[in-house]
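To start, the structure itself, in structure tokens.
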Amino acid sequence: MANPQKENGHTQIANEVMEALGKIRIPGEARQVLDVIIRKTWGWNKKNDPISLSQFCLATSMKKDKIIRARNKLQKMNLIYVSQKGNDLCLSYCFNKDFDTWKPFPKKETFPKKEMIVSQKGNASYPKKEPTKDTTTKDTITKDKDIRSSFDERFWPVWKKRVNKVGAFKAWKALKPSEELINVIVADVIRRMELEDWVKEGRQFCPNPQAYLNGRRWEDEVPPPSSVSNGGKNKQLQAAPNLPMAKDILRDKGMDDELVLIDPQEVRDMIRGIGKKDKDIPF
């Protein structure tokens, strides 16, 4: 057990210096080197003393590169003076007791720790990959083509107020309608195209296709037949599930030119004329 005694030797340090040392922040390795300097100078009643790096290594158990870094810190803090006499290879050290000239060592900047989200399985979660040429599958391409064809061939032609096709397609693509919903929407648009509110004043109050889709207008209540415009054909329009079938029949009969007819009732009338000769047609 260590049992140091003052009689065996001691270093006299003024209380003011000890109090000043307690108030200033000195990095650990720099403080070790400073204690050695004080011991080698004031401990022998000297103001300065030449101290070799090997002596610092022996006294602190530190490597030379760390001692040099610690010495540089002490110089920046103005705690010590370092000088060289003539051609002496050994530097001379002196402790600066004027604590009013000391400069505190700056605190280390702290940065927020990087947060890592870990899933329940213990694996880090990564952001979803954006689709690329390599990740885009044939199914995705096929679905996009189906959405485009259903828009161009079934939804867009039934409109008599065709404005902002680009915006309408964006709304159609976002909706991703099923076959059943496409039939409902097409039938609803055909019915509403003959309503008085949609016909009057040059269809000024008829919504554009994009607004119709974004507002899900097919879910609105359909006005009674009395509000259907007399200026139009005033027909009792029906849903259009069989309209694609009717178009196929016209194609089979070589009547492709008639496909420009949009009103399903007009198509049905044409099919009925054909049906008198071909009883297998369900119209």
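The values are calculated or read from the model by the stated rules, or taken from the named source; none is laboratory data. Everything quoted here is computed from the prediction, not taken from an experiment. Counting neighbours? That spans all protein chains shown, and the Cβs are built from the backbone with ideal geometry, glycine included.
At a glance:
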{"item": "Among (1) under 52 Å from the mean Cα position of the chain (by Cα); (2) in contact (Cβ under 8 Å) with a residue 12 or more places away in the chain - the single one Q75 does not satisfy", "result": "(2)"}
{"item": "I80 being modelled with pLDDT of 90 or more and of a type in the set (V, I, T)", "result": "yes"}
{"item": "Flag if V199 is surrounded by 18 or more Cβ atoms within 10 Å (Cβ to Cβ), under 20 Å from V222 (Cα atoms) and at pLDDT 85 or above", "result": "no"}
{"item": "Answer residue from the stretch 34-62, given it is in contact with a helix residue (DSSP H, G or I) (Cβ under 7 Å, 6 or more places away or on another chain) and assigned to a loop (DSSP other than H, G, I, E, B) and is nearest to G9 (Cα to Cα) among those", "result": "K47"}
{"item": "Filter result for the condition that a residue is touching a Pro at 6+ places or on another chain (Cβ under 9 Å) and not small (G, A, S), over M77, M62", "result": "M77"}
{"item": "Test: P131 is modelled with pLDDT of 85 or more, part of a loop (DSSP other than H, G, I, E, B) and not β-branched (V, I, T)", "result": "no"}
